[in-house]
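Below you'll find the structure, written out as structure tokens, and then a few comments.
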Amino acid sequence: MKYIVLDLEWNQSNTGLEKEVAKMPFEIIEIGAISLNDSYVMEGEFSQLVKPQVYTEMHLVTGKLLHLQMQELEHGKPFTEVMGNFIQWCGKDYIFCTWGDQDLRELQRNMKFYDMTPLSERPIAFLDVQKLFSIAYEDGKSRRSLEHAVDILGLEKDIPFHRAFSDAYYTAEILAKIGREYPETLKKLSFDVFHPPATREQEIRVQFDTYMKYISREFRCKQEAMADWEVRSSKCYQCHRNLRKKLQWFTSNGRHYYCLAFCKKHGYLEGKIRIRHTDDGGTYVVKTTKLITDQEAVSLLERYTHSLELRRNHHIAASL
């Protein structure tokens, strides 16, 4: 299997008034990529400009950041042609790798805008090199800039940042270093969910060293999602037993829900649900389950108590 290290540059509206903003808030203007083999050796490169069809004025911030003028983009090719070339260049048996989690989502959004055949009808597994850098070299939680990572790793900065090809090149360099020094890190897949699972059978369940991730199929609304038994269930990802909850699902903001369960063999587990929405108005959830310490369980209980207090105060205020 090979690694397709992808980077995009995009433009956006200066006014936010165009009717296309909701369907395609970011129009891709450049695609850059590097191909690595399974030994992390660079085997190919891709770089093409895209001629804008929607936003024909360069956003002020984008123009300054990219050092790219709209006149240069006039020499580009239409997005559908560039994307067709890119897919052909990728070939078969590969995994996408990006710095951060936004590129694949915007790539698919642009493809949908032009009624192109989707890359996939389901979530796409990929490597988020920004996350992997944090896991391999920092605290696993921070999300640093690409240039910061290049500096930390002592890589040579021989081409300017903030162009699609150069950023793909630096991301590939970082990925190669991680692969050679911490190969186990590359097992920590991320999932782009621009297209959520369509059925229960397609739902994603992935077990990692310290947690388990579940991505649900699409529901009509949050209430329907939270009523689903699979969404609400708690399971120990080490012994796979269904668990009774010590704390039922609760939330303080309506977007993130938490629960506390207990496994007699492995201890306390925290469940976290993130509510996500599709471009078409549907809802799906991303649920993670991880083992926590007794102290962390007490902290979760305190958050639960605080959420009850907030709800109580809200009801009192509403009744006045």
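Throughout, read-outs are computed from the coordinates displayed, never taken from laboratory work. Computed from a predicted model, the values in this text were never measured in an experiment. In this analysis, Cβ positions are derived from the backbone assuming ideal geometry, glycine residues included, and neighbour counts consider all displayed protein chains.
So the values come out like this:
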| item | result |
| --- | --- |
| Restricting the range 132-166 to residues that are within 18 Å of the chain's Cα centre (by Cα) and within 20 Å of residue 32 (Cα to Cα), the residue that is surrounded by the most Cβ atoms within 10 Å (Cβ to Cβ) | 146 |
| The range 1-24: number of residues that are part of a loop (DSSP other than H, G, I, E, B), touching a residue at least 24 places away in the same chain (Cβ under 8 Å) and either within 21 Å of residue 165 (Cα to Cα) or of a type outside the set (A, V, I, L, M) (or both) | 6 |
| Single residue of the range 274-317 satisfying the filter (in a strand (DSSP E or B) and among the β-branched types (Val, Ile, Thr)) that is farthest from residue 105 (Cα to Cα) | 289 |
| Residues being more than 13 Å from residue 287 (Cα to Cα) and charged (D, E, K, R) - total across the range 199-229 | 7 |
| The range 50-98, residues that are among the polar types (S, T, N, Q) and in contact (Cβ under 8 Å) with a residue 40 or more places away in the chain | 62, 98 |
| Residue selected from the range 99-123 under the condition under 20 Å from residue 163 (Cβ atoms) and in contact with a helix residue (DSSP H, G or I) (Cβ under 7 Å, 6 or more places away or on another chain), by the criterion surrounded by the most Cβ atoms within 10 Å (Cβ to Cβ) | 99 |
| Given (1) surrounded by 16 or more Cβ atoms within 10 Å (Cβ to Cβ); (2) without any contact (Cβ under 8 Å) to a residue 40 or more places away in the chain, number of the condition residue 225 does not satisfy | (2) |
| Count - residues of the range 99-138 that are outside any helix (DSSP H, G or I), of a type in the set (S, T, N, Q), without any contact (Cβ under 8 Å) to a residue 60 or more places away in the chain and more than 15 Å from residue 7 (Cα to Cα) | 1 |
